[in-house]
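Visitor: Encoded as structure tokens, here's the structure I'll be asking about.
The values are calculated or read from the model by the stated rules, or taken from the named source; none is laboratory data. Keep in mind that this is a model prediction, so the values were computed, not measured. Positions of Cβ are backbone-derived with ideal geometry, glycine not excepted, and every protein chain shown enters the neighbour counts. Keep in mind that these areas ignore ligands, DNA and RNA; they rest on the heavy atoms of the full protein, side chains included. Shrake-Rupley method; radii C 1.70, N 1.55, O 1.52, S 1.80 Å.
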Protein chains: 2
Amino acid sequence: MNCILLPKNTTTIRDELQIKHIYEVLKAKVGDRLTVGEIGGNIGKATIAKMDRGEVVLTDVVLDKKPPAKLDLIVLLALPRPKVLRRLIMDMTSLGVNRIIIVNSYRTQKSYWQSPLLERIDEFVFEGLQQAVDTVPPVIEFQKRFKPFVEDEFPALLTEGDDAVVAHPYAERSWKGYLDALKTQQKMPKVLCIGAEGGWIAYEVDLLCKHGCTAVSLGDRILRTETVVSVLLGAWLVQ
Amino acid sequence: MNCILLPKNTTTIRDELQIKHIYEVLKAKVGDRLTVGEIGGNIGKATIAKMDRGEVVLTDVVLDKKPPAKLDLIVLLALPRPKVLRRLIMDMTSLGVNRIIIVNSYRTQKSYWQSPLLERIDEFVFEGLQQAVDTVPPVIEFQKRFKPFVEDEFPALLTEGDDAVVAHPYAERSWKGYLDALKTQQKMPKVLCIGAEGGWIAYEVDLLCKHGCTAVSLGDRILRTETVVSVLLGAWLVQ
């Protein structure tokens, strides 16, 4: 938690985790300045006026810094194990993904859709924002039917000249070769499709490619979904 | 587990996790071909000759493929929370880091050094190799004293012309600018120093810089240690 996020016009912190962080990690006391942000708004500093384990009251709130820009990027993610989803949502939020579409896939177990963790997505987003010192949540949606989504809605994600990529360990084209070619046009892909444990099946890769994606491989080494997401998004930090 | 690793000249699998994987994930049966590798040796295929929950016997073992090349890279990692260490060791192994040095730092809690997970590093390496279809473990060492290590041993990691980087969210130089400059010389850094939760303190960054490191920042967004490792290592995949 590198920033404490608060709703608009709020100067009293009552969130248990935030108070715990102020006491136990920051070891802050009355008079200390904290980094705070307004959900959807600016980032800045505030002074602790009063504090106990039930609430921390802030004063002199100055929110003078814009949140970091989002990446112009949509991630289409096959629903992974719910525990993995938590870290993925946090990481994609921290890294600044603009929109996240969570989709069913052949290798997504049906039980994952019933997990109570799916109801807690907003918490994971909140964690990711407070980690990254950002205030603007990505747009997140769920799509439980792969084929109709890819056929009917996926193409509309791309406008003239936009590129989309599906990560697939067995693709012939390399991520590096693909990126190098795009960079000569000073572009980055607009959509990134990432499978869950076990990856996409051939049918899914083919359907995505039929609707505008290029399949790329990260090389001989097969990586965990979480690692793939960060490795791929790292390319936006050095574009 | 995308590959089942076995000691040299072994054709009987008795490892519980490997057997569980063969039954429950691969749902393999007698006659099926599995991807196997010899620890420190080649990768290939083998046929299941006999199987039960206690052991799986292989036949027709053909190990005809070399493991993927390692990165010419040493990662110096401040010891993080042991649970995080497990995933970091797995990821760095999967991504092909050649050597990992785990060092104490100001923000490493003393109790971390007593964690029983530290005795299980070899397991995490094994997991990472089986994930990535690699057979050669990275060299891993522990350094419990930061200052003597950096002053006396760190400089020897670098030979003439080698570069080293310390990741630090508040560094002035950007990772992108640094990499671009190195790429004009067709080089990548030889050593990457990554802090634990809360990062390095200024004294540590300064000492590393005094001994050959350049401090670089990944931008305004502050990322979790695990994310930083994958994001940075991603640069080697597109170098």
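Visitor: Give all pairs with beta carbons closer than 8 Å in which a residue from the stretch B:207-219 that is farther than 13 Å from B:GLU153 by Cβ meets a residue that is assigned to a strand (DSSP E or B) and of a type in the set (S, T, N, Q); count only pairs at least 6 apart in sequence or on separate chains.
Guide: Pairs that qualify, where the first residue is farther than 13 Å from B:GLU153 by Cβ and the partner is assigned to a strand (DSSP E or B) and of a type in the set (S, T, N, Q), are B:VAL216/B:SER174; B:SER217/B:SER174; B:LEU218/B:SER174; B:GLY219/B:SER174.
Visitor: Looking at A:LEU129, is it part of a helix (DSSP H, G or I), at pLDDT below 95 and open to solvent by less than 50 Å² (accessible area, probe 1.4 Å)?
Guide: Considered against the rule, which asks whether it is part of a helix (DSSP H, G or I), at pLDDT below 95 and open to solvent by less than 50 Å² (accessible area, probe 1.4 Å), A:LEU129 comes out as no.
Visitor: Could I ask something else about it? Being open to solvent by 30 Å² or more (accessible area, probe 1.4 Å), in contact with a Phe, Trp or Tyr (Cβ under 9 Å, 6 or more places away or on another chain) and either more than 7 Å from chain A (Cβ to nearest Cβ) or not in a helix (DSSP H, G or I) (or both) is the filter here, so list the residues in the stretch B:208-239 that pass it.
Guide: Result: B:HIS211, B:GLY212, B:THR214, B:LEU218, B:GLY219.
Visitor: Name every residue in the stretch B:47-103 that is farther than 25 Å from B:GLU119 by Cβ and among the acidic types (Asp, Glu), in order of residue number. Before you say what the answer is, go through the steps one by one.
Guide: Filtering the stretch B:47-103 down to residues farther than 25 Å from B:GLU119 by Cβ leaves B:47-69, B:71-73.
If the condition is that a residue be farther than 25 Å from B:GLU119 by Cβ and among the acidic types (Asp, Glu), then B:ASP52, B:GLU55, B:ASP60, B:ASP64, B:ASP72 are the ones that fit.
Visitor: Continuing with the same structure: In this structure, does B:LYS110 turn out to be exposed (fewer than 15 other Cβ atoms within 10 Å of the Cβ) and within 14 Å of another protein chain (Cβ to nearest Cβ)?
Guide: Values: exposed (fewer than 15 other Cβ atoms within 10 Å of the Cβ): yes; within 14 Å of another protein chain (Cβ to nearest Cβ): no.
Judged against the criteria, B:LYS110 is not a match.
Visitor: Report those strands (runs of 3 or more DSSP E) wholly inside the stretch A:35-80 carrying at least 2 residues which are modelled with pLDDT of 95 or more and open to solvent by 60 Å² or more (accessible area, probe 1.4 Å). Give the derivation first.
Guide: Values: elements: A:43-51, A:56-65, A:74-78.
Fully inside the stretch A:35-80 and qualifying: A:43-51, A:56-65.
Visitor: Then there is this: Report whether or not B:ARG14 is touching a residue at least 40 places away in the same chain (Cβ under 8 Å), more than 30 Å from B:ASP162 (Cβ to Cβ), open to solvent by 60 Å² or more (accessible area, probe 1.4 Å) and among the charged types (D, E, K, R). Walk me through how you get there before you give the answer.
Guide: Details: touching a residue at least 40 places away in the same chain (Cβ under 8 Å): yes; more than 30 Å from B:ASP162 (Cβ to Cβ): yes; open to solvent by 60 Å² or more (accessible area, probe 1.4 Å): yes; among the charged types (D, E, K, R): yes.
Here the answer is yes, as B:ARG14 does meet what is asked.
Visitor: Restricted to the stretch A:17-33, and to residues that are farther than 13 Å from A:LYS50 by Cα and hydrophobic (A, V, I, L, M, F, W, C), which residue is most open to solvent (accessible area, probe 1.4 Å)?
Guide: Of all residues in the stretch A:17-33, those farther than 13 Å from A:LYS50 by Cα come to A:17-18, A:20-21, A:24-27.
Filter once more, keeping what is hydrophobic (A, V, I, L, M, F, W, C): A:17, A:25-26.
Values: A:LEU17: 120, A:VAL25: 98, A:LEU26: 83 Å².
Out of the qualifying residues, it is A:LEU17.
Visitor: Just name the residue that is farthest from the other protein chains (Cβ to nearest Cβ) out of those in the stretch B:177-206 that are without any contact (Cβ under 8 Å) to a residue 24 or more places away in the chain, over 30 Å from B:LYS83 (Cα atoms) and open to solvent by 70 Å² or more (accessible area, probe 1.4 Å).
Guide: The residue in question is B:GLN185.
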